[in-house]
1. Can you list the HN-Hα couplings for the stretch 498-514, worked out from phi with the Karplus curve (6.51, -1.76, 1.60; θ = phi - 60°), rounded to whole Hz and with x for Gly and Pro?
2. Kindly identify the stretch 214-283 as rounded, prolate or oblate by the Cα gyration tensor criterion: order the square roots of the eigenvalues as a ≥ b ≥ c, call it rounded if a/c is under 1.5, otherwise compare a/b with b/c, prolate if a/b is larger, else oblate.
3. Cα centroid distance between the stretch 593-671 and the stretch 442-464, in Å?
4. If N is the number of residues in the chain, what value comes out of its Cα radius of gyration divided by 2.2 N^0.38 Å?
5. What FRET efficiency would be calculated for the residue pair residue 620, residue 369, taking the C-beta separation as r and a Förster radius of 35 Å, to the nearest 0.05?
6. Between the stretch 292-358 and the stretch 78-118, what is the C-alpha centre distance in whole Å?
7. On average, how much area does the Cα convex hull of the stretch 220-620 cover when viewed from any direction, in nm²?
8. What is the Cα convex hull volume of the stretch 596-754 when expressed per residue in Å³?
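Please treat every number below as a calculation from the coordinates, not as lab data. A quick note: this is a predicted structure, and the numbers were derived from the prediction, not measured. Note that we place each Cβ from the backbone using ideal geometry, even for glycine, and neighbour counts take in every protein chain shown.
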Amino acid sequence: MQVEEKITKHAPRKTLREYTRLVIAFFGCLVVISCYQFIRLYLSGVLDVFVGKSLLLQLFHHLGYASLVGLLLVFGFNFLESRKPNFGFVVTIIILIIGLLTEVLLTEYYLANYEILEVNILSLTWYGVNIWKISTIVLMAIISMLSLFFLFYKITVKVHRIISKMYPLTIVFFSLFLAALASEKKPINENKTQHLTVSLAEEWLDLNKYDGKVEFPLLQPTKTEDRLGEFFNLKAEKPNIVILIVDGLGSDFLGKDPNYEGFTPYLESLKGSSLFWTNYVSNVGQSSEVLPSIIGSLPFGKKGFTNTKISPERNTLYGILKANGYYTSFNYGGNSSINFLDRFLYEERVDYILDRKNFDDTYELQKEDAAGLSLGYPDRELFKKYNADFIEYPRARFDVIQTLSTKNPSLIPNLSYYEDKVDRILEKEALGSKPRKIVENNKEIFAGLYYMDQSIKLFFKNYKKKRTFENTIFIITGTHNLSDLPHGNNLDRYRVPLLIYSPLLKQTKQFNSLSSHADLAPSILALLTQKYKLDLPSETAWLGSGLVNNGMYDKEKKILFLREKNNIREYIQGDHFISRNTVFKLGTDLVLKKEKDEQIIRETKDGYRNSKAINNYLNNNNKIIPTSLALFKKPKNEFSKQEQIWVNSVFGGADFDNAYSTARDLALNNERDRAMLLSRYILTKIPGHADTEILLGRVNAWNEAYGESIAILKEVIRKYPTYSDGYAALLDVYFWSDKNQEALLLIDPLKKHNIKSPDVIKKMTRAMENMKQEALENPNAVYFDYTKIKAYLDQVTIK
């Protein structure tokens, strides 16, 4: 009994008070490591300041990491202390010191290489490494971390009253960890150990990896077998191609036996005079991801092709048709920068990109939703703008038009009028009781469908007036089956119609071949190549094979589906469909029947896993096609590692408007080189950020690089002809560079796009006055007719 009392006296059990002091000491050391990192970066000239937002963010992330470590170790600490006093205390110290040494070494790696160490640690070699230098760093790290750790532990004894109130401790740790987890992370402000651990865990836990020997699994010699040519009377001139992608248009509304018949009457009338596919599916379940599948037959990775960080090399309809003389365009009433779609389009060298930035105030913006946001311009306004901008070039056109009025919420113009139309349709159509009830409960959705249909009717009415109509092929499909209404099964979400309508058709037909959006690009190119001998790359990498099979099912066809970001749950292989690990046999009209054959189930699941692995491998490793085959090379990263670190130090989030504000402030503070660097970075991520392009033009002008400035701002006006700030900036540069007469060239586009900005009017007036003064001072100089500017000003001046 006396022995036990003596042991207890000399070796008391450590409590949560001492444990919390250890965790605080651990965090204190992480703070010192952060300061060390930022001082090094500042002294090396990578950063402009030592203390900034990035340092504070890293301290916050360190706090979250320390909280996580504290949460995970507390249970082991209590358990070991209950078995033997001080044992849990000592083990915890050892683990925390090892963690600090790891963070120091990873920080040293980051400072030496300007990049964070992640899964590539598995491929590091010791060849050429200075062992003495590494040993010295390790020794210094051990000494410094031990000294600091026990110093901080000693200091924390003075704050025991605060520590004692931190109960329950686990809730505090967990809350801090969750708060840090939700914040934006960049290499400069992350906890390096946590990043490495997550990276390795993702690598090891991802058992579904491509382990094939072929570097480019999709690559094969280009095939030009044409299965559509027999249905066309193609002319000597290449035809125009118009792809109309309708948001949410599924087989529920336009199919062989639609559930909700009568709400798309115009499209139904086109079906009878078109090539029509009854068993056609989208590869994605969200409209934002659909374009790469349709025009490029591209894999979507985990988050959609346009959200892939490295933007893989590829060839698409845009690139191939442009290389063969086509004029290309993309037309959309919404914001093309969402999900980096605009970056994808710029990399494809699309000649003209129409999105909401290009509409002027003569077009009606869709009403705002409950959050005060508008999706963009409704379908009728989109088609109106497309028609106004349309130019009948001597060369063929390839136009893609994507609608948005059927997207939830359906805030179409004159909603009550179209809801009345829905009531009339309900009176005429013999819908079943369940579909009828669904329509009545979702009247605004069906009103949007009818509005979309009538907008397309007007689109065709105007297009038929064009000289090129007789030589145009129209392809109409949906993004996915509208997800706001109930579906019979998990395949129904992807079922969409496909119509190919054209005056060039010599016969119509309904196809029951199971095919997908990924089959469209290969079929179009095969059709055109058969007649016009297009210059195609020697090898292609399509996910799809073609729209027409010998029967309904092609045993070789594999279709992977992206339901939404990070959610790949469905897959078709031949005549089998897997959804959430259940395998179904596909019957007539894609009816599902649960498969019972164990061998088929295994084969389908194996195919599903392999397709997922290949899909991820292709995008994550840039292995769709070799760089040598790419018609348009992907823009190379223009930034050094040091520049990237500086960018991350001033911009650590995803709000590029905020990044623009930072760049503008830098420019106004005469830090022009930094402003241009940040502007260039923004434009690599959001190529259509007009304000940043204008800022880049202005900064070049302030540096007296007038030629570069004028070239940038002219391109801004070409891309965003309705945005008055571009004209105002260019007029300023003309004034600063004594080229006021160039303002005459802006009169026609200003008139055409109805620009009445007071700022533009003021600067046009300035240009006119300067031209008048120049004429007075230099009577022998070339005379420019400034009265044209006066006529324009008289026309637009607001009384």
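1. Ordered by residue, 3J(HN,Hα) equals 9, 10, 10, 10, 6, x, 7, 5, 9, 7, 10, 6, 9, 10, 9, 4, 6 Hz.
2. On the way: a/c = 2.52, a/b = 1.43, b/c = 1.76.
Judged from the Cα gyration tensor, the stretch 214-283 comes out oblate (a/c at least 1.5, b/c at or above a/b).
3. Answer, in whole Å: 36.
4. My calculation over the Cα atoms of the chain gives 1.14.
5. Result of the calculation: an efficiency of 0.50.
6. 46
7. 19.3
8. Per residue, the Cα convex hull of the stretch 596-754 comes to 210 Å³.
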